[in-house]
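Notes to accompany the following structure.
The values are calculated or read from the model by the stated rules, or taken from the named source; none is laboratory data. All values derive from a computational prediction rather than experimental measurement. Glycine gets a Cβ as well: all are built from the backbone with ideal geometry, and neighbour counts include every protein chain shown.
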Amino acid sequence: MAFSKIAAENLGGSTLPALAGGSLTGISAGKVGQVQSGVVTADQSTSSSSYVSNFSVDITPSATSSKVLVIAHTGALDTSTSGAEIDCSIYRTIGGSVTNLTNYTRGGAAGRFESANRSLGNMSINLVDTPNSTSSLSYGFYYKSPSSHTVFLNNDTFISLILMEILA
């Protein structure tokens, strides 16, 4: 499907009309019940082809109908090896039961370094989880190097993990 450009003057003027909040009906938007967050500023590295974690953030939902919005971000990713790869994932732990929430072939975010001494910039993973629980939940940022080359996360930047409980 092709996109069309609609000029503002074709909408009855040169500015877009204001929309009053009272006009918004039939919309069921959740409210944020709580926000928990964590930041890691120390550089991280691995050559493991299995997922390793550098930190996690805990949240305890107030209702089983709540959802959890997970926002994860890592700063600069580097390697000194051509062909190195990195996969990043989010894991959730409830009472000892661990689930990879981004259980795809390459995790929730992946990158490949085509030449040595290069940076990939950053990676983000955003997802909505439905844990159906009021138990304490732990969300962890995990990463691995499927090529078993040493990769570096957070090169003089930071890794952040933000959890928001979205009430039903």
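The rows are residues; the columns are (1) within 25 Å of SER147 (Cα to Cα); (2) touching a Ser or Thr at 6+ places or on another chain (Cβ under 7 Å); (3) at pLDDT below 75.
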{"residue": "SER23", "(1), (2), (3)": "no, no, yes"}
{"residue": "VAL39", "(1), (2), (3)": "no, yes, no"}
{"residue": "ASP43", "(1), (2), (3)": "yes, no, no"}
{"residue": "SER50", "(1), (2), (3)": "yes, no, no"}
{"residue": "HIS73", "(1), (2), (3)": "yes, yes, no"}
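Residue check: is THR134 at pLDDT 90 or above, within 18 Å of VAL40 (Cβ to Cβ) and surrounded by fewer than 22 Cβ atoms within 10 Å (Cβ to Cβ)? Give the steps one after another, and end with the answer.
Working: at pLDDT 90 or above: yes; within 18 Å of VAL40 (Cβ to Cβ): no; surrounded by fewer than 22 Cβ atoms within 10 Å (Cβ to Cβ): yes.
For THR134, the condition - at pLDDT 90 or above, within 18 Å of VAL40 (Cβ to Cβ) and surrounded by fewer than 22 Cβ atoms within 10 Å (Cβ to Cβ) - is not met.
Figure legend. Inter-residue proximity from region 38-67: first residues more than 17 Å from ILE166 (Cβ to Cβ), second residues outside any loop (DSSP other than H, G, I, E, B) and acidic (Asp, Glu), beta-carbon distance below 8 Å, spacing 6+ or different chains. Indicated pairs: TYR51/ASP87. Looking at region 9-20, can you tell me whether even one residue there is surrounded by 15 or more Cβ atoms within 10 Å (Cβ to Cβ), in a loop (DSSP other than H, G, I, E, B) and either within 16 Å of the chain's Cα centre (by Cα) or at pLDDT below 90 (or both)? No; the residues of region 9-20 include none that is surrounded by 15 or more Cβ atoms within 10 Å (Cβ to Cβ), in a loop (DSSP other than H, G, I, E, B) and either within 16 Å of the chain's Cα centre (by Cα) or at pLDDT below 90 (or both).
For region 78-99, the set of residues classified as modelled with pLDDT of 90 or more and either assigned to a strand (DSSP E or B) or surrounded by 15 or more Cβ atoms within 10 Å (Cβ to Cβ) (or both) consists of ILE90, TYR91, ARG92, THR93, ILE94, SER97, VAL98, THR99, listed by residue number.
Inside region 137-168, residues that are in a loop (DSSP other than H, G, I, E, B) and either among the aliphatic types (A, V, I, L, M) or under 16 Å from VAL35 (Cβ atoms) (or both) make up a count of 1.
Looking at this structure, is SER66 modelled with pLDDT of 90 or more, more than 19 Å from the chain's Cα centre (by Cα) and closer than 20 Å to VAL32 by Cβ?
Details: modelled with pLDDT of 90 or more: yes; more than 19 Å from the chain's Cα centre (by Cα): no; closer than 20 Å to VAL32 by Cβ: yes.
Answer is no for this residue.
Checking each residue in region 41-89 for being more than 30 Å from GLY30 (Cα to Cα) and among the hydrophobic types (A, V, I, L, M, F, W, C) picks out ALA42, VAL52, ALA76, LEU77, ALA84, ILE86.
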